[in-house]
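Just so you know, all these numbers are worked out from the coordinates, no wet-lab data involved. What you are looking at is a predicted structure, and each value in this text was computed from that prediction instead of being measured. When we count neighbours, we look across all protein chains shown, and the Cβ atoms used for this are built from the backbone with ideal geometry, even at glycine.
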Amino acid sequence: MNLHLKGKKVFISGSTKGIGFETARLFLEEGATVIINGRTKKSVESALSSLNSDNVSGLVADFLKDSQVETLIDHIPNDIDILVNNVGIFRGKEFKDETIDDWNDHFKVNLMSGVQLSKHFLPEMIKRNWGRIIFISSECATLVPSDLLSYSVSKASINVFSSGLAKLTKGTNVTINTVIPGSTLSEGSVKFLEETAKRENKTVEEVEKNFFKDVRSSSLLGRFARVEEVASTIVYLCSTVASATNGASVRVDGGSMGSII
Ligand SMILES: NC(=O)c1ccc[n+]([C@@H]2O[C@H](COP(=O)([O-])OP(=O)(O)OC[C@H]3O[C@@H](n4cnc5c(N)ncnc54)[C@H](OP(=O)(O)O)[C@@H]3O)[C@@H](O)[C@H]2O)c1
């Protein structure tokens, strides 16, 4: 299948690692030009060197810092074709331990990053009558684990925002969709598995098996998704081939959410 992504200009927030990094790699394979982003010069340079392509560049910006977000937006070319709002943070804490700062930070990084970038780049896409905006939500938006409340609420708000924003694309060739990953084997998940294995004197395989038995028992996949399984869905939705999918939430949750749509 030709995805017709050659020459498309892509910006991916939070893309030095994990799903964002893999998405950048797949876009580059398809011939797109990609701008990646992370919080430090070191992490951005390390990701650029791993991607090893003439078609990739990087911008350092922390979405918790307003002035850095403003500078970032100034440095992204106005005519990007594809915006992937991937950046996301989570702090697993019981509600009683979550501070108001935790709530604000989750909303700032997980939701407001996409609001700010979309506010800037959607009008340009509409003017040029082509564009793709992708938001990355989470299975937690509907599973709502009690130790991930602020994260889950921020992720649910992404689905709502993305769905409403898509209505502004009516009659154009711009689409806006949300991808909903389930538990995915990014660096953060690997660290969680390794630390738990060490703490409980178990193997990583045992910890993963127990996680899907005890915590994510609704998963049909029964294992963490690989980052490429999520990234390939993102890249497909950004292609011209996916032109009839708009305002959708597409699950890559291994069946954990259990809903019929
Ligand atoms: N992994 C999962 O199980 C899972 C499940 C459902 C949904 N998701 C969602 O998928 C998205 C990607 O998750 P992931 O697990 O692949 O992430 P990850 O491996 O933890 O990577 C996070 C990326 O975001 C960057 N980042 C973090 N905070 C940032 C900030 N304040 N400003 C700018 N960049 C920042 C990091 O860059 P630096 O370190 O270089 O700053 C890194 O490139 C997130 O929205 C997440 O909520 C993940």
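Straightening the chain between D74 and S232 buys 54.0 nm, computed as 0.36 nm per residue apart minus the Cα-Cα spacing.
Look at the dipole of the chain built from charges on Cβ: of V235, A141, S217, the Cα furthest out on the positive end belongs to V235. Taken about its Cα centre, the chain carries a charge dipole of roughly 500 debye when the Cβ of each Lys and Arg holds +1 and the Cβ of each Asp and Glu holds -1.
About its Cα centre, the dipole of segment 185-224 is roughly 100 debye, where the only charges are +1 on Lys and Arg Cβ and -1 on Asp and Glu Cβ. The relative contact order of segment 84-227, computed from alpha carbon pairs under 8 Å that lie at least 6 residues apart in sequence, is 23 percent.
In segment 1-83, Cα pairs under 8 Å separated by at least six residues give a relative contact order of 31 percent. Full extension of the chain between K127 and S218 yields a length gain of 28.4 nm, computed as 0.36 nm times the residue separation minus the alpha carbon distance. Anisotropy class assigned to segment 30-156 is prolate, per the alpha carbon gyration tensor with a/c at or over the 1.5 cut-off and a/b larger than b/c. Placing a label point 7 Å from the Cα of S146 along the Cα-to-Cβ line, the residues of segment 211-238 whose backbone N sits under 16 Å from it are 215-216. Listed by Cβ neighbour count within 10 Å, with the fewest neighbours leading, M1, M125, M112 appear as M1, M112, M125.
Full extension from K167 to K119: what is 0.36 nm times the residue separation minus their Cα-Cα distance, to one decimal in nm? Value of the extension gain: 15.9 nm.
In terms of its alpha-carbon gyration tensor, segment 185-224 comes out oblate; a/c meets the 1.5 threshold, while b/c is at least as large as a/b. Approximating the spin labels as points 7 Å out from Cα along Cα→Cβ, the D62-to-D97 distance works out to 2.3 nm. Listed by chain and number, the lysines whose alpha-carbon sits under 20 Å from that of K209, ignoring those within fewer than 8 places in the same chain, are K191, K198. The alpha carbon gyration tensor of segment 102-146 gives principal lengths a ≥ b ≥ c with a/c of 1.5 or higher and a/b no greater than b/c, which makes the shape oblate.
When you count the other C-beta atoms within 10 angstrom of each residue and take the mean per peptide, 128-134, 92-98 line up highest first as 128-134, 92-98. Of all lysines in the structure, those lying under 28 Å Cα to Cα from K6, and not within fewer than 8 positions of it along the same chain, are K17, K41, K119, K127, K167, K170. Residues T245, T172, T23, T16 in ascending order of nearby Cβ atoms (within 10 Å, fewest first): T245, T172, T16, T23. Pairs of Cα atoms nearer than 8 Å and 6+ residues apart set the relative contact order; for the chain it is 20 percent.
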